[in-house]
Amino acid sequence: MTSYLVRRAAQALVVMIGVLILTFILIHLVPGSAARAALGVRATSTRIAIFNTTYGLNKPLVAQFADYVGQLFHGNFGISYTTQQPVSTLVAQRLPGDVLLVGASTALAVLIAIPLGTYQAVKRGRLSDQLLDGVSFTLYSMPDFFVAFLLIALFSVQLHIFPPEAPQTQDVAGMLADPRALVLPVATLTLSNLAGFSRYMRSSAIDVLAEDFLRTARAKGLPERLVLSRHVVRNAALPVVTIVGLTFPNIIAGAVIAEAVFSYQGMGLLLYQAATSHDYPVLLGSTLVVGAATVVGSLAADVAYGVLDPRIRHGRG
Amino acid sequence: MAAGKWPTWAANHRVQAGIGVIAALAAFCYLGPLVYHTNQVTVNLNAATLPPGAGHPLGTDGDGYDVLGRLMVGGRSSLELGFAVAAATTVIGTLYGAIAGWAGGIVDAVMMRAIDTFLALPTLVLLLLLVTIFTPDLLSVILLLTALSWLGTARLVRGQILTLRTREYVQAAKTLGGGQWWIIRRHLVPNAFGVIIVSATFTIADAILMLSVLSFLGLGLPPPAADWGSMLTNGLDYLFDGYWWMVYPPAVILVITLIAFNLIGDATRDSLDVRLRQR
């Protein structure tokens, strides 16, 4: 297990360095140089030269990369072109809101997907399974932004139950103070993840239902309810942990959409606004944070899977 | 899917339904405009937001374009994008995956870490970055989506090749003195074909969906070009004014298309899974 952890962590580190190189290359792909992007097309060549010297953009690429990584280690992600605030401040303000949105909706999706998938596996092939399968297939094939608008049309416009806009604050306490405004963004992201998770849980449970230990459990007289809760759900839910880790980039993408629709003050909205205003430092800084979160997320999922399932003995096989 | 599994696959009801729907959609998009002539290039504000009725079976949108005719034109962009991305992705991903899986060792490790790097960044986030750098048109969106979607295919193919290369018949081919490329071409790729098809079908659906998301974020194809995603997005501006005909037709056709492709991919994957077939 330890050697597996070390190897897996080393892999994650290599990927993280790759992400750094990638964002660094992307900075240099910015059309007409970063100076032009920051100062505008009418900037004089003197001002551009000053900008390049100030930001070290006239040094060799390798030296620039070393500077870039050095700055990152000092928590310096650059300055936003539009708000003139440090990117690290912007990210630090927005990140907790995302932990709330992504965390709550992922947890909800898993909590609904596990019983739903198990139910479908037990009733597989029957009408109820086919109906639910149809629903999850349709949901899976729907653009997230359309799901969000349908929810708004129903719950905000028709029924006036929930507001169509997320709480307009960046701090989590403030968001939690207005829980009704959180419902639709969280519901959108939950639905967008639920379809994939429940389909996965269903096929995982079908596999477990064919296992010999279930016959043993039934043969010893264990009531069906306990067979399901103790044996099927526990064993079938394990792979779902891995799927959550693997789909992390998709969850983030869903968060960008949900945040753009409901103007939820998180990283997704920050990314989206940076993209539309060509604010490259913010765009690259938040891309880096998202990349790091993904690497850590999939590492955590792999490790959790190894810890939860004693049958997996990493490093020995 | 080896040659012998072809009849079972083609007889699968879900595959048939999916292919039927896609054929109907393609006919609608490519043959439809031959019989149903509409102006989809110049804006006509006098005819804007007309409800469905005579002359405009599905009404007109905010720019005065006939919605039914625009669904046909928009569908072309969506379908062409989906198929082009899937084709390019399949070629690149298969080659990359086959090389990594066949080479093994350090080459494989380096090639796979490169993929992990790109996969660590959500496609949408990378796309947001890239479309701000390049101005999108259909070709550049195809190139960008291809650049981001071949990674998954490469990973799947590599996994498949890794298991195939240990099979006896591959070992036999090697012993007989078969060249590397010959074995890859003759034995490995054909046997990994099923996995490749599954991933290609899902890629089509993902690419069409991603284009609609880009359109929604205002970073899609600029007008007068249209795709179902941009029609849906433009329509959403009018949804709460009661102009339902601008929202539901593109939404329904988009979702039906995605369901059809996902259905084929799903059914194909099931037909490849021996354990599922036995039950």
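The values are calculated or read from the model by the stated rules, or taken from the named source; none is laboratory data. On a predicted model such as this, the values are computed, not experimentally measured, just so you know. FYI the Cβ positions are ideal-geometry reconstructions off the backbone, even for glycines, and counts take in every protein chain you see.
Laid out as a table, the results:
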{"item": "Check on B:Ile133, closer than 23 Å to A:Asn250 by Cα, of a type in the set (A, V, I, L, M, F, W, C) and surrounded by fewer than 18 Cβ atoms within 10 Å (Cβ to Cβ)", "result": "yes"}
{"item": "Matching option when the condition is of a type in the set (A, V, I, L, M, F, W, C), surrounded by 13 or more Cβ atoms within 10 Å (Cβ to Cβ) and within 14 Å of another protein chain (Cβ to nearest Cβ), among A:Phe146, A:Phe162, A:Phe197", "result": "A:Phe146"}
{"item": "Any hit, the stretch B:259-274, residues being more than 11 Å from every other protein chain (Cβ to nearest Cβ) and touching a Leu at 6+ places or on another chain (Cβ under 8 Å)", "result": "no"}
{"item": "Residues of the stretch A:246-271 that turn out to be touching a Leu at 6+ places or on another chain (Cβ under 8 Å) and more than 10 Å from chain B (Cβ to nearest Cβ), as a count", "result": "7"}
{"item": "Looking only at the stretch B:87-134, and only at residues there that are part of a helix (DSSP H, G or I) and of a type in the set (Phe, Trp, Tyr), the one that is farthest from the other protein chains (Cβ to nearest Cβ)", "result": "B:Trp102"}
{"item": "Leading residue by the ranking (farthest from the other protein chains (Cβ to nearest Cβ)) among those in the stretch A:235-245 that are surrounded by fewer than 24 Cβ atoms within 10 Å (Cβ to Cβ) and either within 15 Å of A:Asp144 (Cβ to Cβ) or of a type outside the set (Val, Ile, Thr) (or both)", "result": "A:Ala237"}
{"item": "Every residue from the stretch A:112-129 that is part of a helix (DSSP H, G or I) and surrounded by fewer than 18 Cβ atoms within 10 Å (Cβ to Cβ)", "result": "A:Ile112, A:Pro115, A:Val122, A:Leu127, A:Ser128, A:Asp129"}
{"item": "Some residue of the stretch B:187-205 being within 25 Å of B:Arg70 (Cα to Cα) and at the interface with another protein chain (Cβ under 10 Å from one of its Cβ atoms)", "result": "yes"}
{"item": "A:Ala10 being at pLDDT 80 or above and within 14 Å of chain B (Cβ to nearest Cβ)", "result": "yes"}
{"item": "Members of the stretch A:213-261 found to be outside any helix (DSSP H, G or I) and either farther than 30 Å from A:Pro96 by Cβ or of a type outside the set (Ser, Thr, Tyr) (or both), listed by number", "result": "A:Lys220, A:Gly221, A:Leu222, A:Pro223"}
{"item": "Failed item in (1) within 29 Å of the chain's Cα centre (by Cα); (2) surrounded by 12 or more Cβ atoms within 10 Å (Cβ to Cβ); (3) over 13 Å from B:Gly75 (Cβ atoms), with B:Leu25 passing the rest", "result": "(3)"}
{"item": "Residue list for the stretch A:156-180, filter: under 21 Å from the mean Cα position of the chain (by Cα) and either hydrophobic (A, V, I, L, M, F, W, C) or not in a loop (DSSP other than H, G, I, E, B) (or both)", "result": "A:Ala166, A:Val172, A:Met175, A:Leu176"}
{"item": "Evaluation of A:Leu108 against (1) in contact (Cβ under 8 Å) with a residue 24 or more places away in the chain; (2) surrounded by fewer than 17 Cβ atoms within 10 Å (Cβ to Cβ); (3) more than 14 Å from chain B (Cβ to nearest Cβ) (one fails), failing number", "result": "(2)"}
{"item": "Listing of helices (runs of 4 or more DSSP H) fully contained in the stretch B:186-279 that carry 3 or more residues being among the polar types (S, T, N, Q) and under 16 Å from the mean Cα position of the chain (by Cα)", "result": "B:193-216, B:248-272"}
